[in-house]
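Coordinate-derived values only; no laboratory data. Remember, predicted model here, so these are calculated numbers, not experimental data. Cβ atoms come from the backbone with ideal geometry, glycine included; neighbour counts cover every protein chain shown.
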Amino acid sequence: MIKAGIIGATGYAGVELLRLLLSHPDVEVAAISSVSFEGKPISEIYPSLYQIDDMTLGNQEDVIKKCDVVFASLPHGLSEEMGRKCFDAGKVFIDLGADFRLDAADVYTKWYGKEYNIPDIHKEAVYGLCEIFRDDIKKHRLVGNPGCYPTSAALALAPALKGGFIETKGIIVDSKSGTTGAGRGLSQNLHYADCNESFAPYKVANHRHTPEIEQTLSKIAGEPVKITFVPHLLPINRGIVSTVYADIKSGTFEEIYKAYVDFYKDERFVRVLPLGKITNLKEVRMSNYCDISLFYDKEAGKLIIVSAIDNMVKGAAGQAIQNMNIICGFDEAAGLGMIPPAF
């Protein structure tokens, strides 16, 4: 039994972490923190936790001091120092923000408008996309938990890029996400009157997840990969569907499909659907699964890949726990056995 804590427990990803960790057989949640609600019980902020977890929200130092594994669910720019403290203390630090996702400091500055203040700590971090970098994750104690859009895109494209089946240029990632992806803070487009019965792209060709997706895909392909990425906002709470378009370079569609099945055959949380079956985010909701379906546009010579994840679970809290399980030597599925609801 290890002690885990959450810094930023009142954000959407933070409270999702708490919900999942409370069912983990090998974890005791020892401390949680919030700047905005320090001193209040978490169940006052989220009444669904009433008489399940009424733990009082403390401060960040309490979490670091009391816990073996520290999860940080904070805006970018706030996790570097905590990562340094946890690393120096021999603790596991898993950051659900953006501070440890990008390798290059100048790329981080370009897209996030901040600099790395502790450059050396980034050398100790690993990118925590579990199905792709599992062997590296095992060797590290500091993890940059992937973003939700990058998770859906990378899992969709990994087998095709690894096998050399598609061109590395001209890839289009068209993604749709529920509103929880924006976090608990409210912007104008998230007001009910603006979001309800609405559907539109946002940050077209200018979304911060673009360099993260390209970095991951380039590592998988072994060469630079550039994409066109367009996110859209769905008027739903949670879930991401990414439809990916790529030019086929080699192999038949049947060979590509077999490569996907073989690539993910031993992965607990990635399901390659039978040919003809269309991925639906309803079928992964509230779970750590990623569903993938493949299609062939014969006239255009394009491979079409559809992936679906729950952005709060596989795209955030669930993947963070999966990373913890890998590092701590637990069953990788521990605490993540949720079955998607049928409706």
**Message:** Could you compute the net charge surrounding Leu74? Neighbours are other residues with a C-beta less than 9 Å from the C-beta of Leu74; K and R count +1, D and E count -1.
**Reply:** -2
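Report the per residue volume, in Å³, of the convex hull enclosing the C-alpha atoms of the stretch 12-56. Walk me through the numbers before you get to the answer.
Working: hull volume 3.2 nm³, N = 45.
Per residue, the Cα convex hull of the stretch 12-56 comes to 72 Å³.
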**Message:** Show me, for the stretch 326-343, the HN-Hα J-couplings you get by feeding each phi into the Karplus relation (A = 6.51, B = -1.76, C = 1.60, θ = phi - 60°), rounded to Hz, glycine and proline as x.
**Reply:** 5, 5, 8, x, 7, 4, 4, 8, 4, x, 10, x, 4, 8, x, x, 6, 7
**Message:** Please list 3J(HN,Hα) in residue order for the stretch 290-301, calculated via the Karplus relation 6.51 cos²θ - 1.76 cosθ + 1.60 where θ = phi - 60°; whole Hz, with x for glycine and proline.
**Reply:** 10, 9, 10, 10, 10, 9, 10, 8, 5, 5, 9, x
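When the dipole is taken about the Cα centre of the stretch 31-127, and only Lys, Arg (+1) and Asp, Glu (-1) are charged at their Cβ, what size is it in debye, to the nearest 20?
60 debye
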**Request:** Compare the Cα positions of Gly164, Phe93, Asn117 along the charge dipole of the chain (+1 at Cβ of Lys, Arg; -1 at Cβ of Asp, Glu; about the Cα centre) and return the one farthest towards the positive end.
**Result:** Gly164
**Asked** If we sort 319-326, 115-122 on the protection proxy, mean other Cβ atoms within 10 Å, highest first, what's the order?
**Response** 319-326, 115-122
**Request:** With label points built 7 Å along Cα→Cβ from the Cα atoms of Ala205 and Ser48, find their separation and express it in nm.
**Result:** 3.9 nm
**Fill in**
Amide H contacts under 5 Å for Ile2, restricted to residues at least 5 apart in sequence or on another chain and with H modeled in the peptide plane, are Val27, Glu28
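Give me the Kirkwood hydrodynamic radius of the stretch 149-311 in Å, from all C-alpha pairs, to one decimal place? Let's see the in-between values first.
Numbers: mean 1/r = 0.0618 Å⁻¹.
One decimal place: 16.2 Å for the Kirkwood radius.
Compute the relative contact order of the chain as a whole-number percentage, counting only Cα pairs closer than 8 Å that sit 6 or more residues apart in sequence. Walk me through the numbers on the way to the answer.
On the way: 764 pairs, mean separation 59.7, N = 343.
After rounding, I find 17 percent.
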**Asked** Taking amide H positions as placed 1.01 Å from N in the peptide plane, with prolines and chain starts having none, which residues 5 or more places from Cys290, or on another chain, fall under 5 Å of its amide H?
**Response** Val270, Arg271
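In percent, how large is the relative contact order of the stretch 149-311, given Cα pairs closer than 8 Å and 6 or more residues apart? Before the final figure, lay out the partial values.
Working: 332 pairs, mean separation 51.1, N = 163.
Value for the stretch 149-311: 31 percent.
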**Item:** ³J(HN,Hα) computed for each position of the stretch 26-34 - Karplus, 6.51 cos²θ - 1.76 cosθ + 1.60, integer Hz, glycine/proline x
**Value:** 10, 10, 10, 7, 9, 6, 9, 9, 7
**Euclidean distance between Cα centres, the stretch 113-135 to the stretch 201-273, Å** = 21 Å
**Message:** Looking at the chain only, what percent of DSSP beta bridges run antiparallel? Nearest 5 please.
**Reply:** 45 percent
**Item:** FRET efficiency estimate (nearest 0.05) - Cβ-Cβ, Met1 to Asn59, R0 22 angstrom
**Value:** 0.35
**Request:** Rounding to the nearest 20 debye, state how big the charge dipole of the chain is about its Cα centre with +1 on each Lys and Arg Cβ and -1 on each Asp and Glu Cβ.
**Result:** 300 debye
**Item:** Solvent-free Debye scattering, log10 I(q)/I(0), computed from the Cα coordinates of the stretch 82-156 at q = 0.18, 0.27 Å⁻¹
**Value:** -0.72, -1.34
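Just to verify a number: FRET efficiency for Ile118 and Ala300, C-beta to C-beta distance, R0 = 51 Å, to 0.05? Kindly include the intermediate steps, with their values, before the conclusion.
Values: r = 47 Å, r/R0 = 0.93.
Given R0 = 51 Å and the Cβ-Cβ separation, E is 0.60.
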**Request:** Taking the dipole about the Cα centre of the stretch 217-338, with the C-beta of Lys and Arg at +1 and of Asp and Glu at -1, give me whichever of Cys290, Asn323, Phe229 is farthest to the positive side.
**Result:** Phe229
**Request:** Would you mind checking Lys176/Lys219; Lys162/Lys258; Lys258/Lys298; Lys138/Lys282 for any pair whose Cα atoms are more than 21 angstrom apart?
**Result:** Lys176/Lys219; Lys138/Lys282
**Prompt:** What order, most packed first, do the peptides 20-30, 73-83 have when packing is the mean number of other Cβ atoms within 10 Å of each residue?
**Reply:** 73-83, 20-30
**Prompt:** Which one of Leu129, Met82, Thr56 is farthest out on the positive end of the charge dipole of the chain, using unit charges on Cβ (Lys, Arg +1; Asp, Glu -1) and the Cα centre as origin?
**Reply:** Leu129
